[in-house]
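Just so it is clear, none of the values below were taken in a lab; they were calculated from the coordinates. Being a predicted model, the structure only gives us computed values, none of them experimental. No Cβ is skipped: glycine too gets one built from the backbone with ideal geometry, and neighbour counts run over all protein chains shown.
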Amino acid sequence: MKNRFIPYFGNKRKEFDNIDKQLPHSFDVFVDVFGGSGSVSINVKDKYNCNVFYNDTNQKLIRLINIFRNADDNLIKNIEEFNYNLIYKHKNIEEGKKYLDNLYNSLKHDDMKFIMKCFFSKLQLYLIQNIKIWQLPFNKKGFYNSPSKIYFDDYINTYSKIDEITNKDYKEVLEKYKNDENTVLYLDPPYLTKKITYGSSFNQKDIDYIIDFMKNCNCKILINPNFDEYYNNKIDDRIFLKEVYNKKYESRNKDNHCIITNY
Ligand SMILES: C[S@@+](CC[C@H](N)C(=O)[O-])C[C@H]1O[C@@H](n2cnc3c(N)ncnc32)[C@H](O)[C@@H]1O
């Protein structure tokens, strides 16, 4: 079955090859500390079949992932009905919006209401902010656009692969694995320069904290941020800049990402 990830800002779905090349030669446990869509966790699980632990502070995201992992027959039936009701032809955008509002109000299952807000709120903003403006899953001719469908079976399959899900601040996670030599911690924190903060106060002090931790722990750490001067100035004989790469698949995006490790 195909892996399908929750649509999410800043996901590293297309960058797994760059990340994979820089993973340590051997490890028993992989911890995705700023997990987001979980794309890196799932790709690591598929390739290495080691223990994979996912963490993120975003409570809505954790709720959504846990809904997929614990789905019962009743919810599965609700999703099937929902997907069926979405296939509808609209004359115009206003009618489309009204249709989605009515569909939302008619839902009885709380988890189903929550799923709809996550998937159809404009650009998935509901997941990181409290916004509910429908992102219309219809094309200009008014026909249903299949990418917005909820591929429930795929999501259940994908997210069930993760061994453990936690909802902690990154510092707590780092502390837990500090002395584990066979554990690799993958860090993809919010970018300092971006407007999307994921509701987090992550700032330069956090980067200082992480770099200092990298120099003093026994576990292996790989951090995968936007390449900028602040990170570049941190490179010394204990912290290695392994790779700088461009997100070529996004033609408008000029940002470089980089991989920094303590091994
Ligand atoms: C750039 S995204 C990660 C994207 C992810 N690698 C993917 O492939 O989807 C950063 C994530 O860090 C989470 N986050 C922000 N502050 C955090 C903190 N203090 N501790 C743990 N997670 C945090 C955000 O909720 C967000 O999901």
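For the chain, what D do you get in µm² per second when you plug the Kirkwood radius from alpha-carbon pairs into Stokes-Einstein at 4 °C and 1.567 mPa s?
The estimated diffusion coefficient comes to 65 µm²/s.
Quick check on my link table: of K97/K161; K168/K220; K97/K168; K178/K205, which ones sit more than 31 Å apart, alpha carbon to alpha carbon?
Over 31 Å apart, Cα to Cα: K97/K161; K97/K168.
Just want to confirm a number: the relative contact order over segment 1-120, from Cα pairs under 8 angstrom separated by 6+ residues, in percent.
The normalised contact order for segment 1-120 reaches 19 percent.
Loop-only check: which GluC sites (Glu not before Pro) in segment 153-182 are DSSP coil with at most 16 other Cβ within 10 angstrom?
E181
If the elastic network links every pair of Cα atoms under 10 Å, which of Y84, Y186, Y159 fluctuates the most in the Gaussian network model of the chain?
For the chain, modelled as a Gaussian network with Cα springs under 10 Å, the answer is Y84.
Residue-wise, which Karplus ³J(HN,Hα) couplings in Hz belong to segment 54-60, taking 6.51 cos²θ - 1.76 cosθ + 1.60, θ = phi - 60°, and x for glycine or proline?
Taking θ as phi minus 60°, the curve returns 10, 9, 7, 7, 6, 5, 5 Hz for segment 54-60.
Rounded to the nearest 500, what is the 222 nm mean residue ellipticity of the chain from helices alone, with -39500 (n - 2.57) per DSSP H run of 4+ residues and division by all residues?
That comes out to -11000 deg cm²/dmol.
Along Cα→Cβ, 7 Å out, is where each label goes; now give me the distance between the ones at K242 and K113 in nm to one decimal.
4.5 nm
For the chain, what relative contact order do you get, as a whole percent, if you take Cα pairs closer than 8 Å and at least 6 residues apart?
So the answer I get is 22 percent.
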